[in-house]
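Taking it in order: structure first as structure tokens, then the write-up.
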Amino acid sequence: MEGQTGWDYQYHLCTAPGTKLGGYPGLGQDPQPAVCTRRDGPMEHLLTFESDKGDAESSRAWTPVEDRAVRLEHGGMLFGDVGGVCLFECLTCPDRPHKHRVDCA
């Protein structure tokens, strides 16, 4: 696909990189979904804190056009080896149990 379009699935089409609320986590090391141990079902992605905002290649697809000229400063957060922390919650259980996953680059 990349040879024909110039777009790579991992960098341009998969999941938006960086710190975010909702959406899909960009898990590199363990892409298995978080599972609620109470009901043995999938948990929803709540938020992700990332060490960086993404790389130059992924920013081609994920940075809004109006923000491409803006120089974004690093937030000063460092998780693992330039990774991130994803938080998940179960929307089915009444007390909304949660889990976190640390993902190192």
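The values are calculated or read from the model by the stated rules, or taken from the named source; none is laboratory data. Predicted model, so just to flag it, every value in this text is computed and none were measured. Here the Cβ positions follow ideal geometry from the backbone for every residue, glycine too, while neighbour counts run over all protein chains shown. Only protein heavy atoms, including side chains, enter the accessible area calculation; ligands, DNA and RNA are left aside. Shrake-Rupley method; radii C 1.70, N 1.55, O 1.52, S 1.80 Å.
Brief remarks follow.
- Residues in segment 54-76 that are modelled with pLDDT of 70 or more and hydrophobic (A, V, I, L, M, F, W, C) were compared, and the one that is nearest to His12 (Cα to Cα) is Ala61.
- Test: residue in segment 91-105 that is in contact with a Phe, Trp or Tyr (Cβ under 6 Å, 6 or more places away or on another chain), basic (Lys, Arg) and at pLDDT 85 or above: yes
- The set of residues in segment 82-105 that are of a type in the set (A, V, I, L, M) and open to solvent by 70 Å² or more (accessible area, probe 1.4 Å) comprises Leu91, Val102, Ala105.
- Tally, over segment 1-53, of residues that are at pLDDT below 80, within 10 Å of the chain's Cα centre (by Cα) and at positive phi: 1
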